[in-house]
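In what follows, a single structure is set out as structure tokens and then discussed.
The values are calculated or read from the model by the stated rules, or taken from the named source; none is laboratory data. Just so it is clear, the structure is predicted and the values come from calculations on it, not from any experiment. As a convention, Cβ positions derive from the backbone with ideal geometry for all residues, glycine included, and neighbour counts pool all protein chains shown.
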Amino acid sequence: MKTRDKILLSSLELFNERGERNITTNHIAAHLAISPGNLYYHFRNKSDIIYEIFQEYEKLVDYYLDIPEDRPITLEDMTFYLESVFDGLWSYRFFHRDLEYLLDSDPRLRRDYRDFTNRCLAAISRIFGKLAEAGIIQSQLEELRSAMSLNVWLVITNWMAFLKTAHASEGPGSLSLTELKQGIYQVLTLELPYLTAEYRERVLVLREKYRPTLPDAQGEAV
């Protein structure tokens, strides 16, 4: 593996485990047992590292949301999309833990994230359209489908922030993939009013797999 790729991979690992704000370029260089000068040969600063990591994240999500146009969409497809998007969130979780700060820190990132959001919203809307064509959900007017797509996107991108506040006394490494994927329960809940009778029971069974277990005020699971 090339040194540049090693820097990106190790940076992602450290950002995810300890939080981006707690990691400097010196930490990354030390983790890789290379000199800071060697790191700066490949990247001018930490912002450039973060920007390139985000570009890899974009490619991953774009790949996951590549919707087939030559066949009807299935419930298994919908499950794949949800699982894959939350897997992507997990792999790049540092980014969504500190999203507002990172976007404020880099105009390139803010611009690209806006375009990324618009692409994701369009993909979600197409998924809803295909689900309606397949008879899984009821057909909606464009305005309602757009609102549903936005609500799904808000749940996906803010679920981690909710968990962060629910586990406020714990550090960056306290979140688990299982907890993160419990956000799928919330997404499926948004779809319940629009499911057709034929698919309602199947979606309810699927949704139950992701039922959240959150701490109550005494710190016990509920």
key: Members of the stretch 19-51 that are within 15 Å of Leu102 (Cβ to Cβ) and surrounded by fewer than 17 Cβ atoms within 10 Å (Cβ to Cβ)   = Gly19, Arg21, Asn22, Asn45, Ser47, Asp48, Tyr51
task = Can you run down the residue pairs with Cβ atoms below 6 Å, 6 or more apart or on separate chains, where the first is in the stretch 12-32 and basic (Lys, Arg) and the partner is at pLDDT below 95 and crowded, with 20+ Cβ neighbours inside 10 Å?
result = none
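Give the stretch 166-189 a look and list any residue that's surrounded by fewer than 17 Cβ atoms within 10 Å (Cβ to Cβ) and at pLDDT 95 or above, or say none. Give the derivation first.
Step one: list which residues in the stretch 166-189 are surrounded by fewer than 17 Cβ atoms within 10 Å (Cβ to Cβ), which gives 166-171, 173-174, 176-178, 189.
Result: Thr189, single match.
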Unmet requirement for Asn22, which otherwise passes all of (1) within 18 Å of Leu109 (Cβ to Cβ); (2) touching a Pro at 6+ places or on another chain (Cβ under 9 Å) = (1)
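Please tell me if Glu100 is more than 18 Å from Leu190 (Cβ to Cβ), out of contact with any Ser or Thr (no Cβ under 7 Å at 6 or more places or on another chain) and modelled with pLDDT of 95 or more. Full working, then the answer.
Working: more than 18 Å from Leu190 (Cβ to Cβ): yes; out of contact with any Ser or Thr (no Cβ under 7 Å at 6 or more places or on another chain): yes; modelled with pLDDT of 95 or more: no.
Against the criterion (more than 18 Å from Leu190 (Cβ to Cβ), out of contact with any Ser or Thr (no Cβ under 7 Å at 6 or more places or on another chain) and modelled with pLDDT of 95 or more), Glu100 does not qualify.
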ask   = With Phe86, Phe43, Phe116, Phe94 as the choices, which residue is within 16 Å of Leu14 (Cα to Cα) and not aliphatic (A, V, I, L, M)?
value = Phe94
query = Which members of the stretch 1-11 meet the condition of being assigned to a helix (DSSP H, G or I) and over 20 Å from the mean Cα position of the chain (by Cα)?
reply = Thr3, Arg4, Asp5, Lys6, Ile7
